[in-house]
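Okay, so here's the structure we're looking at.
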Amino acid sequence: MKTASVRPRLHYLGPEGSFTHAAALENSERFSQRFGKDFVLVPEHTANDVFAAVRTDSTDDFGILAFENNVEGYVVPNLDALIDADDVVGIDRVGIPVVFDAFVRPDHAAKLTHVAAHPHGLAQCRGFIDDGGYEQVPAASNAAACKNLTNDQIGLGPRICGKLYGLDTLQPEVQDYKGARTEFLLLASRKTAQHYLDEAQDEGGYQFETVFAFIPLSTGPGVIANALDILRDTGLNMTSLISRPIKGHDGTYSFIVTVDAAPWEQRFVHAITPLLNDGDWVRTLAVYERPDHVSPPVETWMLPTGGVRSPQENDADREILWRGRSKNGQGADTRTHEGAMNERS
């Protein structure tokens, strides 16, 4: 008698209708083609529940969680959990556009006073919230906010939430930025990840991106500069560098680096080995097929108000605060380092 095969499970931050649910649905065919998996989608109450499901010994449990947003940046709780996770790693990265609609219950109150959404959702719809003078109600997810909506609340979430939870659309597309996008990581246990990465390495033809974290055990001047020198000297292209505090310990940080290389490439090995030789802590957080990198210029209209772009600008004194008078009454020397050295020689 044949035993029915068990379909692998993809755990996501629920409930149904969350952006994570949408990312899982929209990329199910991609995951099936790349990993040979036809997933059953399983909603979880919290991101920690997703990590716990993936950490099991089963090779049939995967997860998907938001990782980075081009409006609010990294999803910090998920990033911190990934750093701390003892047996979870990202093996694919996918993205979806983020469009928020404002929903109300059909029996909503005449006066709406509150807006409910995930904290990132609230942050991405500040204009709508401020214009209405609403009080904010943080929720575990945008879908949870819509599912549990009270009659004096407005819920912010993906368009799918209206149909799922029988809500009326008060106003479509209330997000501040029309080009908003969120990137998600497909998560697996390290044993499972190693299997797929070994296959990819054997097949060849793939270009990878790796996210890793390191913690210098020795702190002080020049520690990070020395680490960055190693990355430069080994020819690694670094596309992101951020820091996270080691909680409760002043002046200590984890540094999270994204580079255009796979962990098994020699240039990556040559970069990591000196860190390990110094006794620093290192962990790979994600390895996935490298997306196409675009290098768009930063247009002047994108720049924040204020600031300067030249030492000769009239506002340089105010913006840089470098004109404090020295003991001899002179202000800052704004010549380049090379110019100043040439004048002295």
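The values are calculated or read from the model by the stated rules, or taken from the named source; none is laboratory data. Fair warning: this is a prediction, and the values are worked out from it, not measured in the lab. Cβ atoms come from the backbone with ideal geometry, glycine included; neighbour counts cover every protein chain shown.
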> Of the residues Ser18, Ser32, Ser28, which single one is assigned by TED's automatic domain parsing to the domain that holds Gly90 and touching a residue at least 60 places away in the same chain (Cβ under 8 Å)?
Replying inline: Ser18
>> I need the full set of residues from segment 194-214 which are touching a Lys or Arg at 6+ places or on another chain (Cβ under 6 Å) and not aliphatic (A, V, I, L, M), in order please.
In response: Gln207, Phe208, Glu209
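Conditions (1) within 19 Å of Tyr74 (Cα to Cα); (2) buried (at least 17 other Cβ atoms within 10 Å of the Cβ); (3) touching a strand residue (DSSP E or B) at 6+ places or on another chain (Cβ under 6 Å), marked per residue:
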residue	(1), (2), (3)
Lys147	no, yes, no
Thr150	no, no, no
Gly166	no, no, no
Gly179	yes, no, no
Ala193	no, yes, yes
Asp198	no, no, no
Gly204	no, no, no
Phe212	yes, yes, yes
Ala225	no, no, no
